[in-house]
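Beneath this line is the structure, given in structure tokens, with notes to follow.
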Amino acid sequence: FTVACFVLFAAGSNLRHFATLIPIGLGGFTLAVIASPYRIARLQAYFHPFDDPENTGYHILQSMSTISGGGLSGLGLGNGIHKFGYLPEDTTDFIYAVICEELGIFGSLAVASLYIGLVVLGVCVIRKTKSTFKQLVALGIIVTIGLQAGMNILVVTALVPTKGIALPLLSNGGTGWLL
């Protein structure tokens with residue numbers, strides 16, 4: 001939905017139209033959180049992960065443990081420990097934590113820089129393309145990759161609550177890309 005709104009705005013839609021969606025979105029978000037106990041548990045785990053470290057806080061605490069285990073230079077590619085049953089979803093949602101453990105802060109910054117570079121190069125492609133349709137398609141692809149990568153990195157580093165968003169082009173699977 002965010003990507004669609006972004007592309008529509010780039011295509012010339014009025015910002016005022018999107019502003020009218022903000023109260024509806026906030027209301028829907030509030031109702032969705034209140035109606036689902038697991039969403040409330042995710043928010044509680046985000047704000048207080050140590051209150052229930054073996055249940056709701058487990059994912060994020062293991063992610064932070066995995067990240068901190070890498071240090072500056074990491075344990076070496078393939079030498080990570082947490083991927084062997086400690087870190088859930090280590091090949092999908094939390095693969096960035098494994099990268100941090102194995103390649104350290106330098107490797108994690110390199111991966112993040114590659115995503116930033118991909119977005120920047122995508123913007124360069126958009127600027128050189130003459131067809132408006134092709135520009136909007138490219139923009140949709142770049143915004144999808146950029147938002148998904150940014151959101152995954154924010155989740156893995158505990159800056160936002162867990163969402164179940166895979167890291168594009170690195171995570172196992174790919175059915176989300178087909179959709």
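The values are calculated or read from the model by the stated rules, or taken from the named source; none is laboratory data. Bear in mind the structure is a predicted one, so any value in this text is a computation, not a measurement. Glycine gets a Cβ as well: all are built from the backbone with ideal geometry, and neighbour counts include every protein chain shown. These accessible areas exclude ligands, DNA and RNA; they are computed on the full protein's heavy atoms, side chains included. Shrake-Rupley method; radii C 1.70, N 1.55, O 1.52, S 1.80 Å.
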Residues (in contact with a Lys or Arg (Cβ under 8 Å, 6 or more places away or on another chain), assigned to a helix (DSSP H, G or I) and open to solvent by less than 40 Å² (accessible area, probe 1.4 Å)) located in the stretch 128-173:
VAL155
Looking at LEU139, is it in contact (Cβ under 8 Å) with a residue 40 or more places away in the chain and either small (Gly, Ala, Ser) or within 27 Å of LEU8 (Cα to Cα) (or both)?
yes
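Per-residue answers, yes or no, for (1) at pLDDT below 85; (2) in a helix (DSSP H, G or I); (3) over 28 Å from ILE141 (Cα atoms); (4) touching a helix residue (DSSP H, G or I) at 6+ places or on another chain (Cβ under 6 Å):
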| site | (1), (2), (3), (4) |
| --- | --- |
| VAL3 | no, yes, no, yes |
| LEU8 | no, yes, no, no |
| ILE24 | no, yes, no, no |
| LEU31 | no, yes, yes, no |
| ALA41 | yes, yes, yes, no |
| ASN55 | yes, no, yes, no |
Identify, by number, the condition in (1) over 23 Å from PHE94 (Cα atoms); (2) touching a residue at least 24 places away in the same chain (Cβ under 8 Å) that PHE18 doesn't meet.
(2)
Mind checking which residues of the stretch 61-106 are surrounded by fewer than 22 Cβ atoms within 10 Å (Cβ to Cβ), outside any loop (DSSP other than H, G, I, E, B) and in contact with a Phe, Trp or Tyr (Cβ under 9 Å, 6 or more places away or on another chain)?
LEU61, GLN62, SER65
Answer yes or no as to whether LEU114 is without any contact (Cβ under 8 Å) to a residue 24 or more places away in the chain, part of a helix (DSSP H, G or I) and either on the phi > 0 side of the Ramachandran plot or open to solvent by 30 Å² or more (accessible area, probe 1.4 Å) (or both).
yes
Please tell me if LEU109 is in a helix (DSSP H, G or I) and within 22 Å of the chain's Cα centre (by Cα).
yes
Test: residue in the stretch 22-40 that is aromatic (Phe, Trp, Tyr), open to solvent by less than 50 Å² (accessible area, probe 1.4 Å) and either more than 26 Å from LEU103 (Cβ to Cβ) or touching a Leu at 6+ places or on another chain (Cβ under 7 Å) (or both)
no
Against the definition (crowded, with 16+ Cβ neighbours inside 10 Å and at pLDDT below 90), how does TYR46 come out, yes or no?
yes
Checklist (1) over 30 Å from SER131 (Cα atoms); (2) surrounded by fewer than 11 Cβ atoms within 10 Å (Cβ to Cβ); (3) of a type outside the set (A, V, I, L, M) applied to THR56, failing item:
(2)
Given the conditions (1) modelled with pLDDT of 85 or more; (2) touching a Lys or Arg at 6+ places or on another chain (Cβ under 9 Å), which single one is not true for TYR96?
(2)
